[in-house]
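The values are calculated or read from the model by the stated rules, or taken from the named source; none is laboratory data. Nothing here was measured: the structure is a model prediction, and the numbers come from that model. Counting neighbours? That spans all protein chains shown, and the Cβs are built from the backbone with ideal geometry, glycine included.
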Amino acid sequence: MLNGIYRAAMGMRGELDIQDTLANNIANAGTVAFKRHIPTFADVMAGGPPPTGRPATVPQAAAGVSLRPAGVTIVDNRAYVSLSYNRAEANFDPAPGEVRHTGQDLDMALTGDGYFTLQTASGQQLYTRAGDFVLDADQDLATSQGYKVLGEQGAIHIGQGAVSVSAEGDVSVDGEVRGRLLISELSNLDQAEELDGGTFRSRSAVPASAVSVRQGFLEQSNVNAVEEMVAMIASLRAYEAAQRAVMAGDSLLGKAVNDVGRV
């Protein structure tokens, strides 16, 4: 009985994490190039241990949630799963968001699987899809966090003048080319580390191909607020079901202590 209560409590904790993740998605629905997060959990094998040499089956996930197999110890043909909380990291969805026109010269959006390459004050390279750029104190192209936007030859100095950006990424000021944007592709997104401000750190960056730049446009968040709300409601219902299971288990324990003891 206690085991069932623990299991239901684990489910409640999981649903709370799902609620937090979905709420964060909705809160960032208006953030430039934000990538929605997908809460990921490890699930146990269904139907007991699988036949020798065959992989375990994983049940279908609820809307907005992905599953991966959890480790199961098999002793005497019985499967044992610890009562630990099988939480994994919230993965991000790399799908591009809608591109909207802003008309601002320093706003840029990418078409294709590419990322703008940034450089921090310490020289570290980061990557982003958010192209709402500004000019820093050196009049170089930069992000609002102060990271310089790299060209193929380093930082791109803008200074004063009319800025134009070609589809190939050539940045010109009053007709003079100041550099070509360094567009990178993250070949292994599973190993990319998401940082604050919509930036990523990755060791698998390579020069991007088949990518074009659109000046005066910005990529929007890929969050669908309606879908996230539906997923939140489904998660709330699952939380309530687990809550009722805890209450039922507690009631049965009460009967076992108070009633069965008298018999």
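So the values come out like this:
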{"read-out": "Residues satisfying the stated conditions in segment 25-47, i.e. more than 10 Å from V223 (Cα to Cα), modelled with pLDDT of 90 or more and under 13 Å from the mean Cα position of the chain (by Cα)", "value": "none"}
{"read-out": "Identity of the residue in segment 180-207, in contact with a Ser or Thr (Cβ under 6 Å, 6 or more places away or on another chain) and assigned to a loop (DSSP other than H, G, I, E, B), that ends up surrounded by the most Cβ atoms within 10 Å (Cβ to Cβ)", "value": "L182"}
{"read-out": "Conditions (1) surrounded by 13 or more Cβ atoms within 10 Å (Cβ to Cβ); (2) under 27 Å from D20 (Cα atoms); (3) free of Cβ contacts under 8 Å to residues at least 60 places away in the same chain: number failed by L236", "value": "(3)"}
{"read-out": "Lone unmet requirement of (1) under 17 Å from F34 (Cα atoms); (2) touching a residue at least 24 places away in the same chain (Cβ under 8 Å) for V226", "value": "(2)"}
{"read-out": "Qualifying residue in segment 107-120 (condition: farther than 21 Å from S187 by Cβ and among the hydroxyl-bearing types (S, T, Y))", "value": "yes"}
{"read-out": "Which listed residue, of A205, A192, is more than 25 Å from G30 (Cβ to Cβ) and of a type outside the set (D, E)", "value": "A205"}
{"read-out": "E193 vs. criteria at pLDDT 85 or above, assigned by TED's automatic domain parsing to the domain that holds Y115 and of a type in the set (D, E)", "value": "yes"}
{"read-out": "Verdict on S172 being at pLDDT 95 or above, in the same structural domain as L118 (by TED's automatic domain parsing) and under 14 Å from A109 (Cα atoms)", "value": "no"}
{"read-out": "Hits in segment 216-251 (condition: farther than 18 Å from L118 by Cα and assigned to a strand (DSSP E or B))", "value": "F217"}
{"read-out": "Residue satisfying condition, being among the aliphatic types (A, V, I, L, M), part of a strand (DSSP E or B), under 21 Å from G97 (Cα atoms) and at pLDDT 95 or above, within set L141, L150, L126", "value": "L126"}
{"read-out": "Subset tally (residues that are surrounded by 15 or more Cβ atoms within 10 Å (Cβ to Cβ) and part of a loop (DSSP other than H, G, I, E, B)) for segment 129-138", "value": "5"}
